[in-house]
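A.B. asks: Next up is a structure, given as structure tokens.
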Amino acid sequence: MQTVKSYPMRPDLPEPPRNMLGLPCDKRGYPVPWFVDWINGEPEFRAMDKSKLLRAIRERLCWVCGKPLWREMVFVIGPMCAVNHVSSEPPSHRECAQYSARTCPFLSRPHMVRREDGLPENISMAGIGVKRNPGVTLLWFTRRYEVMKVAAIPEAGAHAGLLFRLGRPFLTEWYCKGRPATREEILDSINGGIPLLYDANEKQGLGEEGKRVVDRQIAEALKLVPHGRPKAEREGIQRNRIRRALRDGQTAEELWEAEKAACISRQDDL
Ligand SMILES: [Zn+2]
């Protein structure tokens with residue numbers, strides 16, 4: 001049995017949701033999510049406890065608090081997961097996901113980077129993990145997902161393990177620095193990740209067809225990015241723009257530049 005030492009919670013943190021009240025706090029006073037591995041009595045935030053991963057899937061437990069999930073499931077993901085619809089971690093309760101996006105130091109501070117030093121060698125994300133901090137956290141609300149078993153592709157740097165294919169979202173919420181993200185922050189973050197996506201595609205030898213799939217996925221993901229205009233108007237404008245761009249054979253990068261320019265000019269209008 002692993003000893004778990006808990007410290008008082010930081011006074012500047014908001015009250016956690018009821019499900020998270022039983023979680024221990026680390027030395028800094030942050031609640032330690034259920035999935036975190038404990039090494040020598042200290043939480044190792046960069047590592048997940050593999051037995052918890054299997055339990056979360058089999059028993060439908062929340063990844064943050066470890067209590068049973070209802071029908072609604074919320075994936076806490078980076079913006080690039082909105083492009084490929086794949087996550088390396090299982091879903092959480094709405095309240096637990098929102099609390100994490102607002103207060104977790106790694107999720108809420110874009111300049112924090114994942115430290116790789118001192119990390120035990122056997123800890124690795126399944127598939128090709130993106131190690132950058134995207135700066136923007138996306139909450140993906142859905143009612144279904146599929147577990148995929150992926151094989152290692154050593155030449156592409158991909159590890160074997162389990163990945164989660166996300167069901168269609170009925171709601172998305174975007175956060176940056178612990179508050180709702182602006183459209184420009186989201187677009188900046190997606191843009192920063194696009195080269196990594198093409199790179200991973202190339203390493204897996206998916207060729208031109210694979211690139212076209214990625215282009216299409218990026219265009220679809222852009223539809224989820226919130227907009228400052230009324231819903232009906234913005235959907236019409238965005239749909240037409242994306243349709244026109246794809247018909248004209250525009251690449252995802254060009255489409256992104258057009259989106260960003262449109263975003264800047266709209267802000268100027270205000
Ligand atoms: Zn929970």
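The values are calculated or read from the model by the stated rules, or taken from the named source; none is laboratory data. Being a predicted model, the structure only gives us computed values, none of them experimental. FYI the Cβ positions are ideal-geometry reconstructions off the backbone, even for glycines, and counts take in every protein chain you see.
A.B. asks: For the stretch 53-63, indicate whether the set of residues that are of a type in the set (Phe, Trp, Tyr), buried (at least 19 other Cβ atoms within 10 Å of the Cβ) and within 16 Å of the ligand (Cβ to nearest atom) is non-empty.
C.D. replies: Taking the stretch 53-63 as the starting set, the residues that turn out to be of a type in the set (Phe, Trp, Tyr) are 63.
After this cut, where a residue has to be buried (at least 19 other Cβ atoms within 10 Å of the Cβ) as well, the list is 63.
Within this subset, residues satisfying the condition of being within 16 Å of the ligand (Cβ to nearest atom) are 63.
Looking for residues that are of a type in the set (Phe, Trp, Tyr), buried (at least 19 other Cβ atoms within 10 Å of the Cβ) and within 16 Å of the ligand (Cβ to nearest atom), one finds at least one in the stretch 53-63, hence yes.
A.B. asks: Sticking with this structure for a sec: Restricting to the stretch 64-75, name every residue that is within 11 Å of the ligand (Cβ to nearest atom) and at pLDDT 95 or above.
C.D. replies: Of everything in the stretch 64-75, those that are within 11 Å of the ligand (Cβ to nearest atom) and at pLDDT 95 or above turn out to be Val64, Cys65, Gly66, Lys67, Pro68, Leu69, Met73, Val74.
A.B. asks: Same structure again: Name the residues in the stretch 213-228 that are modelled with pLDDT under 90, in a helix (DSSP H, G or I) and loosely packed, with under 14 Cβ neighbours inside 10 Å, would you?
C.D. replies: Val213 - this is the single residue of the stretch 213-228 that is modelled with pLDDT under 90, in a helix (DSSP H, G or I) and loosely packed, with under 14 Cβ neighbours inside 10 Å.
A.B. asks: State whether one or more residues within the stretch 101-116 are within 12 Å of the chain's Cα centre (by Cα), at pLDDT 90 or above and in a helix (DSSP H, G or I).
C.D. replies: Yes - at least one qualifying residue is present in the stretch 101-116.
A.B. asks: Select from the stretch 32-52 the residues that are modelled with pLDDT of 85 or more and among the basic types (Lys, Arg) and write down the one among them that is farthest from the ligand (Cβ to nearest atom).
C.D. replies: Only one residue fits best here, namely Lys50.
A.B. asks: Let me ask you something else. Just one of Val64, Val76 is under 19 Å from Phe164 (Cα atoms) and in contact (Cβ under 8 Å) with a residue 60 or more places away in the chain; which is it?
C.D. replies: Working: Val64 fails: in contact (Cβ under 8 Å) with a residue 60 or more places away in the chain.
On inspection, the qualifying residue turns out to be Val76.
A.B. asks: Okay, moving on. When the residues of the stretch 79-99 are narrowed to those that are more than 9 Å from the ligand (Cβ to nearest atom) and either of a type in the set (A, V, I, L, M, F, W, C) or free of Cβ contacts under 8 Å to residues at least 24 places away in the same chain (or both), which ends up farthest from Gln217 (Cα to Cα)?
C.D. replies: Going through the qualifying residues, I end up with Val86.
A.B. asks: Ok, one more. Residues being within 30 Å of Gly161 (Cα to Cα) and either touching a His at 6+ places or on another chain (Cβ under 9 Å) or buried (at least 16 other Cβ atoms within 10 Å of the Cβ) (or both): count how many of those fall in the stretch 3-23.
C.D. replies: 3
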